[in-house]
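J.: Below you'll find the structure I mean.
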Amino acid sequence: MKSHALKSATLAAALIAGVATFTGALLAAGGGPARVRASSKTVPPSISIPGKLPALPKGAMKITKSTRGVEAVSVLQFDDNTCESGLGAGVQVSSLVEFDPAPPCTNPGPLAIQAVTARMNTFNAQDFVFHAPGPTPQMVNAATVTQPVAVITGLGPCPATGGLVQRVLAPPVSFSPGNATNFFAGIRNTGFAGRDTSPPNANRIWLLCAGCGMTQYSPAFLNGLGLGGNWLIRVSVEDVGCTPVELQHLEVSD
């Protein structure tokens, strides 16, 4: 059994996210079973996933800009503030969203993630995690930035509306997108994070699980398990190189 689990874990780590086969029982680091589930009380799915998964279209990101012109702060999100279910594996996981940099105004420069907002259903979230731009996140525990935050505790099972908790990042997490069109950010948590399953599905949801045989669950893989949707996870981003609106035009007349 140990040999089979080690072989499955080694193979899964080498696979490109989104191209994998469900291997049955997955082993937790402590030797017990760890299976991705919709909530702490549901049975893990046991269906087969094809080796080649279809490409999924990415949904549009919602951007809410600051109402104060002197600030270039935007909240990036995909959820609609409703929680229909959760998602987790009963062990520590990273719940990530693929965001677009989306500079909020002209003269874009480095971006600073000022806060993370999330909903936990059970147990808690302990860290903010940021993964560099690319086709997939980095592997589990290989985040570009891991920053402890004041714990976000579980509010109970869904369905529910709202319940999101914001945590300010001090210091902010800064990065320069360059020509990148995406980045990955979210929370490292133990338990089950809130999930919005109302359509449309943005196909931006990732789950990294160090205690599972396959450590990187892509949007396509989660959809194949019937566990798609949108995390109730948002980030507040500031374009630190932005010129305030009232200073973008200056005219002097006699």
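J.: Does F192 satisfy the criteria of being in contact with a Pro (Cβ under 7 Å, 6 or more places away or on another chain) and part of a strand (DSSP E or B)?
T.: Numbers: in contact with a Pro (Cβ under 7 Å, 6 or more places away or on another chain): no; part of a strand (DSSP E or B): yes.
Taking the combined requirement at face value, the residue does not satisfy it.
J.: On to the next question. Among the residues of the stretch 137-176, count how many are in contact with a Gly (Cβ under 9 Å, 6 or more places away or on another chain) and either in a strand (DSSP E or B) or surrounded by fewer than 16 Cβ atoms within 10 Å (Cβ to Cβ) (or both).
T.: Residues that pass the stated criteria total 3.
J.: Can I ask one more? Just to be sure, is D127 surrounded by 17 or more Cβ atoms within 10 Å (Cβ to Cβ) and not in a strand (DSSP E or B)?
T.: When the stated conditions are applied, D127 does not pass them.
J.: Turning to a different aspect of this structure: With respect to V91, is the statement that it is part of a strand (DSSP E or B), more than 13 Å from R167 (Cα to Cα), at pLDDT below 95 and in contact with a Gly (Cβ under 7 Å, 6 or more places away or on another chain) true? First the steps, then the outcome.
T.: On the way: part of a strand (DSSP E or B): yes; more than 13 Å from R167 (Cα to Cα): yes; at pLDDT below 95: yes; in contact with a Gly (Cβ under 7 Å, 6 or more places away or on another chain): yes.
Taking the combined requirement at face value, the residue satisfies it.
J.: Taking the residues in the stretch 200-242 that are modelled with pLDDT of 95 or more and in a loop (DSSP other than H, G, I, E, B) as candidates, determine which candidate is farthest from H131 (Cα to Cα).
T.: G229
J.: Also: Could you tell me whether any residue of the stretch 101-112 is at pLDDT 95 or above, buried (at least 19 other Cβ atoms within 10 Å of the Cβ) and not polar (S, T, N, Q)?
T.: No, the conditions are met nowhere in the stretch 101-112.
J.: Of the residues that sit in the stretch 177-202 and are under 18 Å from G86 (Cα atoms) and more than 15 Å from the chain's Cα centre (by Cα), which one is surrounded by the most Cβ atoms within 10 Å (Cβ to Cβ)?
T.: S198
The values are calculated or read from the model by the stated rules, or taken from the named source; none is laboratory data. As the structure is a prediction and not an experimental result, all values here were calculated from the model. Note: ideal-geometry Cβ built from the backbone for every residue, glycine included; neighbour counts use all protein chains shown.
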